[in-house]
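Undergrad: Got a structure for you, written out below as structure tokens; questions coming shortly.
The values are calculated or read from the model by the stated rules, or taken from the named source; none is laboratory data. Keep in mind that this is a model prediction, so the values were computed, not measured. Reconstructed Cβ throughout: ideal geometry from the backbone, glycine too, with neighbour counts over all protein chains shown. SASA here: full protein model, heavy atoms, side chains in, ligands and nucleic acids out. Shrake-Rupley method; radii C 1.70, N 1.55, O 1.52, S 1.80 Å.
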Amino acid sequence: MAKVKRIDHVAILVDDLEKHLSFWRDALGLEMTQIVDVPAEKSAVAFLPVGGSEIELVKPTTDDSGLARQLEKRGPGMHHICLEVDDIDGMFARLKEKGIQLLSDAPKMGVGGRKYAFIHPKSANGVLVELYELPQ
Ligand code: CO
């Protein structure tokens with residue numbers, strides 16, 4: 001049976017990376033390893049590892065994406081948590097069978113061969129949940 005292994009990352013939506021790094025990096029003392037531009041998601045992401053997980057600060061780079069609209073509407077804040085699973089196809093099928101709302105018809109292929117899918121907040125107590133299966 002498909003299993004959740006760990007929290008891979010927690011994503012926080014921000015309007016300005018430097019401004020918000022002043023808390024996560026400068027005040028809290030986390031190391032910021034890299035900032036990656038992700039044109040496919042119209043965003044830039046700053047990565048701050050914490051133990052075996054990461055905090056990701058996500059900043060929209062255009063004003064026409066879903067992320068940008070959410071930022072406009074609600075301001076910076078928690079965006080989603082991502083759980084690593086060992087078998088995303090199996091997990092996806094099980095969630096579907098249990099009537100959990102998913103944001104796509106099947107898991108998608110992302111950067112670096114990782115497969116991912118999102119669970120609708122309506123099915124997860126108001127929290128957007130991402131699932132990852134990392135390449136072996
Ligand atoms: Co994510």
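Undergrad: Residues in the stretch 31-69 that are within 24 Å of GLU84 (Cβ to Cβ), surrounded by fewer than 18 Cβ atoms within 10 Å (Cβ to Cβ) and not hydroxyl-bearing (Ser, Thr, Tyr): how many?
TA: 16
Undergrad: Which pairs have Cβ atoms under 9 Å, sit 6 or more apart or on different chains, and link a residue in the stretch 77-98 that is touching a residue at least 24 places away in the same chain (Cβ under 8 Å) and on the phi < 0 side of the Ramachandran plot to one that is within 12 Å of the ligand (Cβ to nearest atom) and in a helix (DSSP H, G or I)?
TA: From residues that are touching a residue at least 24 places away in the same chain (Cβ under 8 Å) and on the phi < 0 side of the Ramachandran plot, the pairs are HIS79/LEU67.
Undergrad: For the stretch 30-136, which fully contained strands (runs of 3 or more DSSP E) count at least 1 residues that are of a type in the set (A, V, I, L, M) and within 19 Å of VAL14 (Cα to Cα)?
TA: Of the strands (runs of 3 or more DSSP E) lying wholly inside the stretch 30-136, those with at least 1 residues that are of a type in the set (A, V, I, L, M) and within 19 Å of VAL14 (Cα to Cα) span 34-38, 43-50, 53-60, 77-85, 128-133.
Undergrad: Identify, please: which residue in the stretch 1-29 is outside any helix (DSSP H, G or I) and among the small types (Gly, Ala, Ser) and is, among those, farthest from the ligand (Cβ to nearest atom)?
TA: GLY29
Undergrad: Right, HIS80: within 16 Å of the ligand (Cβ to nearest atom), of a type outside the set (Asp, Glu) and surrounded by 16 or more Cβ atoms within 10 Å (Cβ to Cβ) or not?
TA: yes
Undergrad: Suppose we keep only residues that are open to solvent by 50 Å² or more (accessible area, probe 1.4 Å) and modelled with pLDDT under 95 within the stretch 111-125. Which one would you say is farthest from the ligand (Cβ to nearest atom)?
TA: GLY112
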